[in-house]
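Student: Before anything else, here's the structure in question.
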Amino acid sequence: MRRFSATILTIALLTVAGCSGGSPGSSADAGAPVSGGSLTWAVETEPITFNPHLYSQAKARLLVWNSFEALLTHDDKGGYLPWLASGYDVSQDGRTYTFTLRPGVTFSDGTKFDAAAVKTNIDQLLVPNYAPNVAAVQLKNLDRVEVKDDSTVVFQLTKPDVLILDFLSSPQGAQVSPKSLKEAKNLKAGGTELAGTGPFVLDRYTPGQEVHFAKNPAYNWAPANAGHSGPAYLDGITYRFLKESSVRVGALTSGQVQIIEGVPATDESLISANPDLSLVRGLNSGSTYSYYFNTAHAPFDDVLVRQAFREALDVPAVLNGVYRNTATRAWSVIGPTSPFYDKSLEGSYGGDAGKANQLLDQAGWSAKDAEGFRTKDGKRLTVRLVQSAPYIRDRRDVLAQAVQAAVKQSAGIDVQIQLVDQGTATKALADGEYELFDNSRADTDAGAALNLLLYSTGSINRTGYKSPELDKLLDAAIATTDQANRAETYKQVQKLVVADQALVQPLYAPQDQIAASKSVGGTGFEPTAGVPVDAYNLWLSK
Amino acid sequence: MITAVLRRVGAGVLVLWAAASAAYLALLAAPGSTVDAIIGDGADTPGIRAQIIDEWHLDRPALVQYLDFLWRAAHGDLGRSYLLQRPVSAVIGSQLVPTLKLAVAAAVFGLVLALVFAIFARRLTSVIGLVLVSTPPFLIGIVLLSVFSFTLGWFPVSGDRSFAALVLPAITMGLPIAGTLAQVLREGLDRALEEPFAVTARARGLRERAVLTRHALKHALLPAVTMLSWSFGVLIGGTVIIEQVFGRPGLGQVTVQAVNSSDLPVVLAVVILAAAVFVVINTVTDLAYLLIDPRLRRS
C-alpha cells in the first residue's frame, strides 16, 4: 500500500521529499545472454519519419539502428570501427576517402549491398528537395562518389573534412536498399517499405501507438563493439509511444513494459525503490545545453557583461533546484564525454556574485532602479530569452525561470523569458530581438555542432560573433584525422569561446535514462552518442 | 421534402467551407512562415529554404495557394503533410477510427452514468457533478491508471488494441460529461415534477419512481440531448490529453503536432473533418428532437 500511495503522490505532481541517484547498473541480474522472447520498450518520442536519411530527432536514434546500418560506427574513444565498411583509407591531402566494403551483406529485401548501393544512397541524398539539411551541411564538401569495383567506393572531397567519417557513421549516412529507395511510395516517411541491412526488420507500425521490429535471422555482420555476433537475441521488439513520463514509469512498475527511456528526476525514486528494476544514465555527445550571448548589440556586446552574467549565476544551485542531483553541470560548449572536451575549464569561472556586481559596475551598469534591477543611462539591464514551446524538453522552461530568479537576486539582471510558437521564435531570432539563445546539439562529433553554432557563417550562429581566428581554428580541426591534433585545436577553440570571449553560459550536459526490469540484459548507451542502445544486444532472461 | 434536404446539405457545405477558410486565414496570420515551421530548430541556410519553398510550391501568392487548396479539397485531395511526408488522407484515416471509438464510448458511458445519477441519486447530483466537472481529465486519467492499471493490473495502460484498453480512457472522458449531463437532467426533472401532469400522475396512484421515469424523464431529455451533442463535438477535440496520457493513437495528437509545426494541410483536414462531424451531429440531434417530443413532429 505504501508504494501505491507514493505512486499517486508523485504522479499527482506533488513534491516527493528525498532524492535518489541511479547507480550505473549492470546486466548481471539477467544472467548469461539467451536467445528468444520479445520485449516491449516504452519510448517518449514517436519519430516523425522512419527514413534514416531524414533523421533529425536524437530520441529516434535507438530505433534507426535496428533496421539500418552505416559504413562505420563510433568506438568509445572518439575513433571509428568498421561496420558495413571493413576498412577505410585517407589520402595524404585529406580529400580522398577510400572505403572497402564488407562482403556478403544483403538488405532485408534480398538485394545485395555493394559499392553501387553506397553511391545510390549518396546520390539520393543529393536529389533536390529530398534531404536539404544533409546536402547543405554534412555533404557540403563532397565533390563526387566513385565506384571503383564491387567492394570499393571512393569519396572525393572539395576540401579536407574529417566530419565525412562522422556522417558515414550517422543515421543520415545509413545504407538503404536502392531497390526500396526507388519503389517506396512514401519514401520520405519511411516505414515498412524501406529495407536496410540491420539485425531487425520494421514489420508493423501503428501511428500514435507503437512500432514493431522482427528479428532478421540472416544477420551476421555486427560491428566489433556490438556485444556479440550473429543474429539478435530477441525474436522481436515493440516500441510503444508513451509521451507522459509518469505513465511510462507506471507501465514499467506494473510489468506492462520491460524497459523504458526518459525517467525524469521526480520519478527516479519509484524506480530505485523497486528491487526488480534498475536505472542507468548516460551523457549525450555533442554540444552542451547552453545559453549563447547575442554579441550583436547591448548589453552583451560588452564582454564584461557576459562575464558578469556567468558570475551572477550559481549553476549548481539552479540545476539542483530543477533536476535534484541528477543533472551534470557543463563547463564548456563541448560535452564532458567528448574526447575534445577541455577539462581545465572546470571551476575556472562562475558563481561569484560579488565579482558579478563588480564587473557590472565596471561596465557602467552601476545604478539600480526601484525594483532592484541594474540600469545604465536610465535603461534597465534586460535580456530576452526566446524559447520555442514545441522544442522544450528536459523542463528547460522551468530551468529558465530558475535562472531568471537567480540572476535577479544576485546581480539585478532582468531576464525576460518568452515561451512562444516556432514561427514567433524564428522571427525573433531573424530580427535579432533576443539577447540569449538556448541550444544543445546531439551530434556525435562535437565539431559538427561547433561548425553550426560558432563558425562565422554557421547556420545557427546566434552569438553574432564573427572572427577569422575562430573560423581558422574550426577549419583546422576538421582538416586532419589525427585525434590528438584535433583535440589540441578544439582546446584553443574552447579557450577562445568559453574563457576569453565568454560567448556562452554552459548549463548542463544532456543525458538519457534507461529504466528496465532486471530480467532484461544488454541495456546501455551507444558509445560516443550516449543515447540508449538499439535492440541488437538486448536479451530477456528466462 | 427534397428542398429541405437540399437546404440542409447546402448549409453543411457552407459550414465546411467557412471552417476551412477561417482555419486557413488563422494559420496565414500566425507569426513566421511555413518555411520557418518546416525548418524547426535545425540548420537554416538560404539553400535549405529554397529547396523547401520549391518542394511545397510556397512561392505562389497566398490567394493562389488557397484556391488551389479549395479546388483539390473539392476533388477529395487533401494534399501531403509537410511534417510527416505522407498523404493527409493516410495520416488522418489511420487515426479517425480510434478517436471515434473513444468519443462514442465516452458519450455512451457519460449518458448512462448521468441517467443513473439523475434517477437514483438526484439529491447528490449537484455535488457529484461539480466534482466531476471541475477535476481536470488529466488528473482523472492518471489516478484511474495508477489504481486500475499500475496497481490492480485490470486494464492495459496504452494503445488501441482491445476493448479493455478502451475502458479507462472512455471513463476518463465520460466522467466530466456525466457531471454536466446529470446537472442538466436533474434540473429538467425537478421542473417536470412540479408540472400539473406530475400531480395528475401521482393522483392516479403512480409511485414516485414511475412518475420520474415514465413522465418527467422525457421532458428532461430534450435539453440533455442538446447538451450531449454539444459535448460530443468537444469530445472529438478533447481527446488530446487522453491520448497523451494513455498512449492511444488518435486525431488529437495529430492535430496538436500539426498546429505546433504549422502543418497546414493536416490542420485544414482536421478542421474540415471536425466541421463535418458537427454538421452530422446537429442533424442527428434535430431528428432526435422529433423522436422525443411529439409536439415538434406536428409543427
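Student: What is the set of long-range amide H partners of A:Gln511 at a cut-off below 5 Å, with H atoms built 1.01 Å from backbone N?
Tutor: Under 5 Å from the amide H of A:Gln511: A:Asn284.
Student: Quick one: with all protein chains in place, what share of the accessible area of region A:431-542 is carbon or sulfur, to the nearest percent (1.4 Å probe)?
Tutor: Ligands and nucleic acids excluded, carbon and sulfur give 49 percent.
Student: Turning to a different aspect of this structure: If I fit a long axis through the Cα atoms of helix B:2-29 and take the longest principal axis of the Cα atoms of chain B, what angle between them do I get, 0 to 90°, rounded to 10?
Tutor: Helix B:2-29 sits roughly 50 degrees off the main axis of chain B.
Student: In whole percent, how big is the carbon plus sulfur part of the accessible area of region B:88-298, probe 1.4 Å, protein atoms only?
Tutor: 70 percent
Student: Only Lys, Arg, Asp and Glu count, each charged at its Cβ (+1, +1, -1, -1), so figure out the dipole size of region A:287-509 about its Cα centre, rounded to 20 debye.
Tutor: The dipole of region A:287-509 has a size of about 340 debye.
Student: As a test of the formula, what do you get for chain A when each DSSP H run with n ≥ 4 contributes -39,500 (n - 2.57) and the sum is divided by the residue count, at 222 nm and rounded to the nearest 500 deg cm²/dmol?
Tutor: -7500 deg cm²/dmol
Student: Picking from B:Gly179, B:Phe197, B:Ile281, whose Cα lies most toward the positive end of the charge dipole for chain B (charges on Cβ: Lys, Arg +1; Asp, Glu -1)?
Tutor: The residue sitting farthest along the positive end of the dipole is B:Phe197.
Student: Considering only DSSP beta bridges where both residues belong to region A:287-509, give the percentage that are antiparallel (nearest 5).
Tutor: Percentage antiparallel, nearest 5: 65.
Student: Residue-wise, which Karplus ³J(HN,Hα) couplings in Hz belong to region A:442-452, taking 6.51 cos²θ - 1.76 cosθ + 1.60, θ = phi - 60°, and x for glycine or proline?
Tutor: Here the 3J(HN,Hα) series is 9, 4, 6, 9, 4, x, 4, 5, 5, 4, 7 Hz.
Student: Alpha carbon centre of region B:150-219 versus region A:164-185: separation in Å?
Tutor: 57 Å
Student: Whole angstrom only: what separates the Cα centroid of region A:94-132 from the Cα centroid of region A:286-314?
Tutor: First find each Cα centre; the distance between them is then 43 Å.
Student: Could you work out Rg/(2.2 N^0.38 Å) for region B:32-77, with Rg from alpha carbons only?
Tutor: 1.34
Student: I would also like to ask the following. So if I average 1/r over every pair of distinct C-alpha atoms in region A:275-319 and take the inverse, what Kirkwood radius in Å does that give?
Tutor: 13.8 Å
Student: HN-Hα J couplings of region A:30-42 from phi, Karplus 6.51/-1.76/1.60, θ = phi - 60°, integer Hz, Gly and Pro as x?
Tutor: 7, x, 6, x, 10, 8, x, x, 9, 10, 10, 10, 8
Student: Once R0 is set to 25 Å, what does the formula 1/(1 + (r/R0)^6) return for the Cβ-Cβ distance between A:Ser86 and A:Thr111, expressed as a FRET efficiency to the nearest 0.05?
Tutor: After rounding, the FRET efficiency stands at 0.80.
Student: Using only atoms on other chains, find how many Cβ atoms lie within 10 Å of each Cβ of peptide B:246-255 and report the average.
Tutor: That average works out to 4.
Student: To continue, here is another question. Per the 1.4 Å probe, what fraction of the accessible area of region A:168-309, in percent, lies on carbon and sulfur atoms?
Tutor: Of all accessible area on region A:168-309, carbon and sulfur atoms account for 50 percent.
Student: Taking the Cα centre of region B:88-298 as the origin and placing charges on Cβ (Lys, Arg +1; Asp, Glu -1), which of B:Ser89, B:Gly159, B:Phe120 is farthest toward the positive end of the dipole?
Tutor: The one lying farthest along the dipole's positive direction is B:Phe120.
Student: Rolling a 1.4 angstrom probe over the protein heavy atoms, how many square angstrom per residue are accessible across the protein assembly as shown?
Tutor: Value returned for the protein assembly as shown: 42 Å² of accessible area per residue.
Student: What order do you get for A:288-299, A:340-351, A:96-107 when each peptide is scored by the mean count of other beta carbon atoms within 10 Å, highest first?
Tutor: Highest mean packing first, the order is A:288-299, A:96-107, A:340-351.
Student: Determine, for each peptide in A:251-257, B:251-257, the mean count of other beta carbons within 10 angstrom over its residues, then list the peptides with the highest first.
Tutor: Descending packing order for the listed peptides: B:251-257, A:251-257.
Student: Another question, then. Over 35 Å, how big is the tail of the calculated P(r) for the protein assembly as shown, in percent of all Cα pairs?
Tutor: 56 percent
Student: Let me ask something additional. Divide, for region B:88-298, the radius of gyration over alpha carbons by 2.2 N^0.38 Å, where N is the residue count.
Tutor: Expressed relative to 2.2 N^0.38 Å, the Cα Rg reads 1.16.
Student: Here is a further query. Treating only the Cβ of Lys, Arg, Asp and Glu as charged (+1, +1, -1, -1), what charge dipole size does chain A show about its Cα centre? Round to the nearest 20 debye.
Tutor: Dipole magnitude for chain A comes out near 680 debye.
Student: Please report Rg over Rh for region B:177-274, where both radii come from the alpha carbon positions and Rh follows the Kirkwood definition.
Tutor: With Rh from the inverse mean 1/r over Cα pairs, Rg/Rh is 1.28.
Student: Between beta-carbons, use under 12 Å as the cut-off and find the net charge around A:Thr444, counting Lys and Arg +1, Asp and Glu -1.
Tutor: Residues near A:Thr444 contribute -4 overall.
Student: Taking the Cβ of A:Ile413 as the centre, find all other residues whose Cβ is under 15 Å away and add up their charges (Lys, Arg: +1; Asp, Glu: -1).
Tutor: Value of the local net charge: +1.
Student: Taking θ = phi - 60°, what integer Hz values does the Karplus form 6.51 cos²θ - 1.76 cosθ + 1.60 yield along region B:242-251, in sequence order, with x for Gly and Pro?
Tutor: Computed from phi, the couplings for region B:242-251 are 4, 4, 5, 5, 9, x, 8, x, x, 5 Hz.
Student: Quick check: the angle from helix A:303-312's long axis to the longest principal axis of chain A, C-alpha only, nearest 10 degrees?
Tutor: Between the helix axis and the principal axis of chain A, the angle is about 80 degrees.
Student: Check A:Lys368: other-chain or 5+ apart residues with amide H under 5 Å from its amide H, H built from backbone geometry?
Tutor: Those lying under 5 Å, H to H, from A:Lys368 are A:Thr375.
Student: Still on this model: Take every Cα pair under 8 Å in chain A that's 6+ residues apart, average their separations, divide by the length, and report that relative contact order as a whole percent.
Tutor: Worked out over chain A, it gives 22 percent.
Student: What would the Debye equation give as log₁₀ I(q)/I(0) for region A:287-509 at q = 0.14, 0.15 Å⁻¹, counting only Cα atoms as equal point scatterers?
Tutor: -0.86, -0.99
Student: Here's another thing I want to ask about it. Under 5 Å between amide H atoms, partner at least 5 residues away or on a different chain: which partners does A:Val34 have, H built in plane at 1.01 Å?
Tutor: A:Leu540
Student: Can you give the mean number of other chain Cβ atoms that lie within 10 Å of the Cβ atoms in peptide B:90-100?
Tutor: Mean partner shielding for this stretch: 2.
Student: With angles folded into 0 to 90 degrees, how steeply does helix A:353-362 sit against the dominant principal axis of chain A? Use alpha carbons for both and round to 10.
Tutor: Helix A:353-362 sits roughly 60 degrees off the main axis of chain A.
Student: Further, regarding this structure: Enter the mean number of other protein chain beta carbons within 10 Å of the beta carbon of each residue in B:141-154, as an integer.
Tutor: Taking all residues of B:141-154 together, the mean is 5.
Student: Here is a further query. Which entries in A:Lys466/A:Lys495; A:Lys368/A:Lys408; A:Lys59/A:Lys112; A:Lys343/A:Lys466; A:Lys408/A:Lys491 show an alpha-carbon gap greater than 21 Å?
Tutor: A:Lys59/A:Lys112; A:Lys343/A:Lys466; A:Lys408/A:Lys491
Student: Another question, then. Is there a quick way to get the dipole size of chain B? I mean about its Cα centre, with the Cβ of Lys and Arg at +1 and of Asp and Glu at -1; what is the value in debye to the nearest 20?
Tutor: Roughly 1700 debye for chain B.
Student: Using Cα pairs under 8 angstrom and six or more residues apart, how large is the relative contact order of region A:287-509, in percent?
Tutor: 34 percent
Student: Please state, to two decimals, what the Cα-based radius of gyration of region B:20-136 comes to when divided by 2.2 N^0.38 Å (N = residues).
Tutor: Against the empirical 2.2 N^0.38 Å value, I get 1.68 for region B:20-136.
Student: Once each part is reduced to its C-alpha centroid, what is the distance from region B:247-297 to region A:363-438 in angstrom?
Tutor: For region B:247-297 versus region A:363-438, the Cα centre distance is 41 Å.
Student: Right, here's the next one. Can you find, among A:Ser285, A:Pro223, A:Asn186, the residue sitting farthest towards the positive end of the charge dipole of region A:185-289, where Lys and Arg contribute +1 and Asp and Glu -1 at Cβ?
Tutor: The residue sitting farthest along the positive end of the dipole is A:Asn186.
Student: Computed on protein heavy atoms with a 1.4 Å probe, what is the summed buried accessible area for the chain pair A and B, in Å² to the nearest 100?
Tutor: Protein heavy atoms only, the A-B interface buries about 3900 Å².
The values are calculated or read from the model by the stated rules, or taken from the named source; none is laboratory data. Predicted model, so just to flag it, every value in this text is computed and none were measured. Neighbour counts are summed over all protein chains in view; Cβ atoms, including those assigned to glycine, are modelled from backbone coordinates with ideal geometry. Just so you know, the surface numbers come from the protein's heavy atoms only, side chains and all, with ligands and any DNA or RNA stripped out. Shrake-Rupley method; radii C 1.70, N 1.55, O 1.52, S 1.80 Å.
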